[in-house]
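The values are calculated or read from the model by the stated rules, or taken from the named source; none is laboratory data. Nothing here was measured: the structure is a model prediction, and the numbers come from that model. Please note: Cβ atoms are built from the backbone with ideal geometry, for glycine as well, and neighbour counts cover all protein chains shown.
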Amino acid sequence: MDDLYREVIIEHYKNPSYRGKLDPHDISFADNNPLCGDHIQIDLQVSAEGIVTDARFDGQGCAISQASADLLLESIIGKTLEDVKKINKDYILDLLGIELGPVRLKCALLSLKVLKAGVYGLQEAGDDLVE
């Protein structure tokens, strides 16, 4: 089963569906993982009703960080901002489908941290956003 999930991760890393930037965008936030140098920027378009209508990410990093960003954005289109605020690390781990050590966990959660900081309108993203 892990092999299937690894293939999904590699596919989303090599051929991301949600890579790019949105202009115009309603929400944008960027941050990095200082442990490994991964960087992610997420742009969202949001309807007047608070529904995510489009999402894109840009940045560089390992396969885990980039694939998790692509999988996460794919999963939030059509969700309300209130639903996005409820997403936690278990959600990301379920999307990835493999167990990760502490260092790789930071890589996997970077996109969630960036997404939630943007949705909450924060100036800085803290690790408490992904618990």
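Give me the pairs: first residue in segment 51-72 and within 10 Å of Leu96 (Cα to Cα), second residue of a type in the set (Val, Ile, Thr), beta-carbon distance under 7 Å, and six or more apart or on different chains, which are they?
Every condition considered, the pairs that remain are Ile64/Ile9; Ala67/Ile9; Ser68/Ile92; Leu72/Ile92.
Residues Gly97, Gly50: which one is at positive phi and at pLDDT below 95?
Gly97
Of all residues being part of a loop (DSSP other than H, G, I, E, B) and in contact (Cβ under 8 Å) with a residue 60 or more places away in the chain in segment 84-98, which is surrounded by the most Cβ atoms within 10 Å (Cβ to Cβ)? Just the residue, please.
Ranking the qualifying residues of segment 84-98, first place goes to Ile98.
When the residues of segment 28-50 are narrowed to those that are in contact (Cβ under 8 Å) with a residue 40 or more places away in the chain and under 14 Å from Ile77 (Cβ atoms), which ends up surrounded by the most Cβ atoms within 10 Å (Cβ to Cβ)?
Restricting to residues being in contact (Cβ under 8 Å) with a residue 40 or more places away in the chain and under 14 Å from Ile77 (Cβ atoms), the top hit is Ile42.
Give me the residue from segment 16-27 that is touching a helix residue (DSSP H, G or I) at 6+ places or on another chain (Cβ under 9 Å) and more than 13 Å from Gly59 (Cα to Cα) and, out of that set, surrounded by the fewest Cβ atoms within 10 Å (Cβ to Cβ).
It comes out as Ser17.
If you take the residues in segment 107-120 that are touching a residue at least 60 places away in the same chain (Cβ under 8 Å) and of a type in the set (Gly, Ala, Ser), which one is surrounded by the most Cβ atoms within 10 Å (Cβ to Cβ)?
Ser111
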